[in-house]
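Working notes for the structure below.
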């Protein structure tokens, strides 16, 4: 009984957490938003890595060897 | 050390682990039920960076200079964090946000974890692979890896900042973007000021 009570309390706490905010709506972009955020809620690192690699490849295609200058500036940035 | 202290340390560690593997759930939990004592744990993490950066910036071992540098970094980071969180909180309120500054500040302070990771890694890398990077293939590969690493941390930071505004101020995506636009002007000027006084070339947001 006690165990059931604990489970119920946990469920109730979780339910209150989830329903605290109304779902995010961004008009016609809502399905796209849901699809993108679904992958970011748990273990988002693969998505971050893919996006980062694409960004860096883009930077290299745009700036060429100039990215070494950017990195040299960033490395002195701390 | 009391039982409650151990509980706070465990909760802080769980939250730091959580923002790595489950950022959405964890930021919601921090915003709703996090303890303000967790700020002490974040302060300890930041102090580790201050210690490393102080030694890297002052290779000569002079206790007075090291202490001064450590304190200068700590003061500027505290002021910067208060300023950045204050700007976002005010901007969030202007676009219709609901929530106290205290709860927002607590969740915002967790967004400093990616920042401190980047600054700590950059400080250590400054010793291991000092700049400038060359345009030889090795230099380009090293630059690419560093940029990927930096971009990954930046994306993590952006997601955590978004979630902090979403859960602490109950804002929608368009309002969060509005708040970011409103806060960006003062933050840019503040970043330029920290650059001008020579504390941080990249602002510690």
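All of the numbers you see were taken from the coordinates with simple rules; none came from a lab. Treat the numbers as computed from the prediction; the structure is a model and nothing was measured. Reconstructed Cβ throughout: ideal geometry from the backbone, glycine too, with neighbour counts over all protein chains shown.
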Original post:
Can you pull the Rg over Rh of segment B:21-124, Cα-only, Kirkwood?
Top reply: 1.05
Original post:
In deg cm²/dmol and to the nearest 500, what is the mean residue ellipticity at 222 nm of chain A if only DSSP H runs of at least 4 residues count, each as -39500 (n - 2.57), divided by the residue total?
Top reply: -24000 deg cm²/dmol
Original post:
How do B:49, B:17 rank when sorted from fewest to most other Cβ atoms within 10 Å of their own Cβ?
Top reply: B:17, B:49
Original post:
Could you give the angle, 0 to 90 degrees to the nearest 10, between helix B:101-110's Cα long axis and the longest principal axis of the Cα atoms of chain B?
Top reply: 40
Subject >> Max mean-square fluctuation residue, GNM over chain A, Cα-Cα springs under 10 Å, options A:31, A:22, A:44 >> reply: A:22
Subject >> Ranked by how many other beta carbons lie within 10 Å on average, peptides B:31-44, B:105-118 from highest >> reply: B:105-118, B:31-44
Original post:
Which distance in nm do the two modelled labels at residue A:18 and residue A:42 give, with both placed 7 Å along the Cα-to-Cβ direction?
Top reply: 1.2
**OP:** May I ask you to list the residues of segment B:174-201 whose amide nitrogen lies under 13 Å from a point 7 Å from Cα along the Cα→beta-carbon direction of residue B:158?
**Re:** B:177
**OP:** Could you list A:54, B:90 in order of exposure, starting from the residue whose Cβ has the fewest other Cβ atoms within 10 Å?
**Re:** A:54, B:90
Original post:
What value, in deg cm²/dmol to 500, does the helix sum -39500 (n - 2.57) over DSSP H runs of n ≥ 4 give at 222 nm once divided by the residues of chain B?
Top reply: -28000 deg cm²/dmol
Original post:
Helix B:112-128 versus the longest principal axis of chain B: what angle, 0 to 90°, nearest 10, using Cα atoms?
Top reply: 10
Original post:
In the Gaussian network model of chain B, springs joining C-alpha atoms below 10 Å, which of B:60, B:180, B:74 carries the largest mean-square fluctuation?
Top reply: B:60
Original post:
R0 = 45 Å: FRET efficiency of residue A:30 with residue B:66, Cβ-based, nearest 0.05?
Top reply: 0.25
**OP:** Work out how much length residue B:177 to residue B:35 would gain on full extension: take 0.36 nm times their residue separation and subtract the Cα-Cα distance, in nm to one decimal.
**Re:** 48.4 nm
**OP:** Ignore the peptide's own chain and count Cβ atoms of other chains within 10 Å of each Cβ in A:64-70; give me the average, rounded.
**Re:** 6
Original post:
With axes computed from alpha carbons, what is the tilt in degrees of helix B:3-21 against the longest principal axis of chain B, rounded to the nearest 10 within 0 to 90?
Top reply: 80
Original post:
How far apart, in nm, are the 7 Å Cα→Cβ label points at residue B:14 and residue B:138?
Top reply: 4.7
Original post:
Based on the alpha-carbon gyration tensor of chain B, what equivalent-ellipsoid semi-axes (square roots of 5 times the eigenvalues) come out, in whole Å, largest first?
Top reply: 29, 21, 18
Original post:
Over its Cα atoms, what ratio of radius of gyration to 2.2 N^0.38 Å does the protein assembly as shown give?
Top reply: 1.09
**OP:** Treat the count of other C-beta atoms within 10 Å as a stand-in for reagent exposure and order A:30, A:68, B:81 from fewest to most.
**Re:** A:30, B:81, A:68
